Amino acid sequence: MASDTSSSSAALSAVVAGALAAMKSAPTTDALKAALAQALGKKGELSILKASLGKITDADERREFGQLINSATEAITAASNERRSELENVERDAQIGRERLDITELLLAPSATQRQGRMHLVTQSTERLEDVFIGLGFQIAEGPEVESDFYNFEALNMPPSHPARSMWDTLFIDADPQGSVVLRTHTSPVQIRIMQEWPPPIYAIMPGRVFRRDTPDATHMPVFHQIEGLVIDKNITFADLAGTIEAFTQAFFGSDFTSRLRPSYFPFTEPSAEFDIRRPDGTWIELGGCGMVHPSVLQAGGLDPQEWSGFAFGFGIDRMAKERHGVGDLRDMYSNDVRFLGQFT
Ligand code: DAH
């Protein structure tokens with residue numbers, strides 16, 4: 001009997017040693033699973049030894065050997081768990097390594113470094129306009145896009161219910177009292193704001209976004225850009241206005257372009273005109289409005305019409321950019337398609 005047990009314990013030790021070695025060296029979790037099954041599975045080596053328990057007739061020896069088998073099972077299970085967590089770490093690292101995307105290669109490729117962002121067409125045109133007018137001695141001012149009825153209409157010589165208000169399809173802000181706050185329909189309200197703030201003489205341009213209740217089409221957008229000009233000084237005449245428009249036209253479009261003024265009506269100027277520019281091929285484009293600042297507008301700006309006079313003008317920047325770059329449809333400028341926008345340097 002004693003020899004039975006000792007041969008069984010020797011077999012058990014061999015099984016345990018073999019199993020532990022197999023676990024330790026298992027190269028993958030699958031290999032580990034197979035090693036574990038071989039040791040502890042239903043038909044595994046330990047099960048076979050367990051089955052031989054019944055053959056041990058001595059109760060003490062049987063209990064002792066049973067305990068040996070139990071601790072062998074525990075040792076093998078612990079070794080397997082330890083190896084599994086090691087292998088899982090290794091395998092996870094390998095997977096992360098495989099899935100890793102090396103973007104430095106992309107960033108360092110010459111084609112990527114050459115692909116630089118650009119200013120939007122309208123920004124480019126605005127900056128060019130600013131340069132031209134700064135060259136003519138003008139300063140740049142800005143005003144709010146959400147504007148009061150007073151600045152957008154009333155101070156510009158359009159009291160409530162004035163029919164000329166319908167020249168602008170206005171977007172109203174839901175405010176109290178109703179109709180008192182608008183999205184500015186033009187940059188002209190900034191004229192009033194700077195007259196109130198800056199002591200004359202004033203030579204200023206005021207670029208910015210404006211809003212109208214319009215359906216987008218090739219030549220209209222509900223949100224677009226204008227640039228306003230205002231000159232206030234002593235003895236300013238209509239000839240100064242015409243000369244400034246001409247100087248700007250040639251500086252912006254080129255010396256083969258010229259400008260003309262046509263009589264028109266705006267409530268905030270008297271007399272008023274629209275100005276067109278002539279392309280080298282002899283065709284004309286309508287660009288904007290202008291005129292001599294109306295006395296009521298000077299007064300709304302806090303200036304004495306007896307002492308000061310001036311002219312103003314305003315036109316759409318988007319249309320100028322469209323013209324300058326031969327863009328067919330204004331909507332293309334706002335579709336944010338870089339294949340389109342990237343063409344304009
Ligand atoms: N604010 C006018 C518009 O949006 C354009 C304009 C006309 C501006 C005459 C002026 C001006 O300063 O004098 O249609």
Quiz item: Does any residue in the stretch 279-301 that is farther than 22 Å from GLU197 by Cβ come within less than 9 Å, Cβ to Cβ, of a residue that is of a type in the set (Lys, Arg) and within 13 Å of the ligand (Cβ to nearest atom) six or more places away or on a different chain, and which pairs are these?
Solution: ILE285/ARG319; GLU286/ARG262; GLU286/ARG319; LEU287/ARG319; GLY288/ARG319
Quiz item: Filtering the stretch 216-247 down to residues that are out of contact with any strand residue (DSSP E or B) (no Cβ under 8 Å at 6 or more places or on another chain) and among the hydrophobic types (A, V, I, L, M, F, W, C), which residue is most open to solvent (accessible area, probe 1.4 Å)?
Solution: ALA239
Exercise. Being within 13 Å of the ligand (Cβ to nearest atom) and part of a helix (DSSP H, G or I) is the filter; apply it to the stretch 211-241 and report the residue that is nearest to SER335 (Cα to Cα).
Key: LEU241
Self-check item: Per-region count, the stretch 1-57, residues closer than 15 Å to THR73 by Cα and in a loop (DSSP other than H, G, I, E, B)
Solution: 4
Exercise. Identify, from the list ARG213, ARG184, the residue that is surrounded by fewer than 19 Cβ atoms within 10 Å (Cβ to Cβ), in the same structural domain as ALA321 (by TED's automatic domain parsing) and either of a type in the set (Ser, Thr, Tyr) or under 24 Å from SER272 (Cβ atoms) (or both).
Key: ARG213
Exercise. Can you tell me which residue among PHE252, PHE275 is in the same structural domain as GLU307 (by TED's automatic domain parsing) and within 15 Å of the ligand (Cβ to nearest atom)?
Key: PHE275
Quiz prompt | The one condition in (1) of a type in the set (Ser, Thr, Tyr); (2) open to solvent by less than 40 Å² (accessible area, probe 1.4 Å); (3) at pLDDT 85 or above that SER8 fails to fulfil | solution = (3)
Practice problem: Mind telling me which of the residues VAL297, VAL327 ends up being open to solvent by less than 20 Å² (accessible area, probe 1.4 Å) and assigned to a loop (DSSP other than H, G, I, E, B)? | Solution: VAL327
Self-check item: Every residue from the stretch 284-335 that is away from the ligand (no atom under 14 Å from the Cβ) and among the β-branched types (Val, Ile, Thr)
Solution: ILE285, VAL327
Quiz item: Checking ARG213 against (1) closer than 19 Å to LEU156 by Cβ; (2) touching a helix residue (DSSP H, G or I) at 6+ places or on another chain (Cβ under 9 Å), which single condition isn't satisfied?
Solution: (2)
Exercise. Report whether or not ALA204 is within 22 Å of GLU154 (Cα to Cα) and outside any loop (DSSP other than H, G, I, E, B).
Key: yes
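The values are calculated or read from the model by the stated rules, or taken from the named source; none is laboratory data. Bear in mind that the values here come from a model prediction, so they are computed numbers and not experimental data. We place every Cβ from the backbone using ideal geometry, glycine too, and count neighbours over all the protein chains shown. Note: accessible area is taken over every heavy atom of the protein model, side chains too, but ligands, DNA and RNA are not part of it. Shrake-Rupley method; radii C 1.70, N 1.55, O 1.52, S 1.80 Å.
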